[in-house]
Number of protein chains: 2
Amino acid sequence: MTSKHLEVNGYNPINMKAHVFVSLKKTVLDPQGKTIHSALKKMGYQDIADVRQGKFFEVTLREGLDKTAANAEVERIAREVLTNPVIEEFQYRIQD
Amino acid sequence: MTSKHLEVNGYNPINMKAHVFVSLKKTVLDPQGKTIHSALKKMGYQDIADVRQGKFFEVTLREGLDKTAANAEVERIAREVLTNPVIEEFQYRIQD
């Protein structure tokens, strides 16, 4: 990804965004996804084999934060606040 | 993206997956995101400027569906079933 803004000594004048995706672990039943899947089948969408639902969070970071700090902060929030580690797993992506 | 499986005449022996992301339009208030944001601030995470929450769906397509058909099916489902066009917008991505 190329940066379209000026960056001076690592200072980032534009708010970075991060996307955090939280989904149920593969081994955990997803009744909401199953409901959507059976509704789709009844509506005539026959090409779907399975549906699982998850959550995502668009996190805007404060201006001036560098990418390393952003990574650390977002991972910590995803792990400690947004995800229930017993039944969920997360992925995240920083973009600027 | 490179395909790691054999594909004969467009027949895809592996179930493709699609990810559909549904989020509130930028102009629509997101009280749930605001709540998460203020909770994070109270917990000491000071580098966050904003949080918005959305949903995502992992859709597994039936075996043998080609990519063009998959694209059409997933876009139709995202537009007509998973998204409320008044307040939400969607993005999707097919991966195999």
Can you give me the distance in nm between label points at B:GLN91 and A:VAL86, each placed 7 Å from the Cα along the Cα-to-Cβ direction? 3.3
Cα-Cα pairs of chain A separated by more than 22 Å (percent): 47
Given the C-alpha atoms of the protein assembly as shown, compute the convex hull and give its volume per residue in Å³. 151
Shielding by partners - mean other protein chain Cβ count within 10 Å, residues of A:78-86: 1
B:LYS41: which lysines have alpha carbons under 25 Å from its alpha carbon, excluding same-chain residues fewer than 8 sequence positions away? A:LYS17, A:LYS55, A:LYS67, B:LYS25, B:LYS26, B:LYS55
Average beta carbon contacts from partner chains per residue of A:60-66, 10 Å cutoff: 3
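Using the heavy atoms of the protein chains and a 1.4 angstrom probe, tell me the accessible area per residue for the protein assembly as shown in square angstrom.
60
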Give me, ordered by chain and number, the residues 5 or more places off A:ALA49 or on other chains with an amide H under 5 Å from its own placed amide H. B:THR60, B:LEU61, B:ARG62
Angle between the Cα long axis of helix B:31-42 and the longest principal axis of chain B, 0 to 90 degrees, nearest 10? 60
Taking the Cα centre of chain B as origin and charging only Cβ (+1 Lys, Arg; -1 Asp, Glu), how large is the dipole, in debye to the nearest 20? 400
Sorted by chain and number, the residues with a modelled amide H under 5 Å from that of B:ILE14, at a separation of 5 or more or across chains, are B:GLY64
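The values are calculated or read from the model by the stated rules, or taken from the named source; none is laboratory data. Keep in mind it's a predicted model, so treat the numbers as computed, not measured. Note that we place each Cβ from the backbone using ideal geometry, even for glycine, and neighbour counts take in every protein chain shown. Just so you know, the surface numbers come from the protein's heavy atoms only, side chains and all, with ligands and any DNA or RNA stripped out. Shrake-Rupley method; radii C 1.70, N 1.55, O 1.52, S 1.80 Å.
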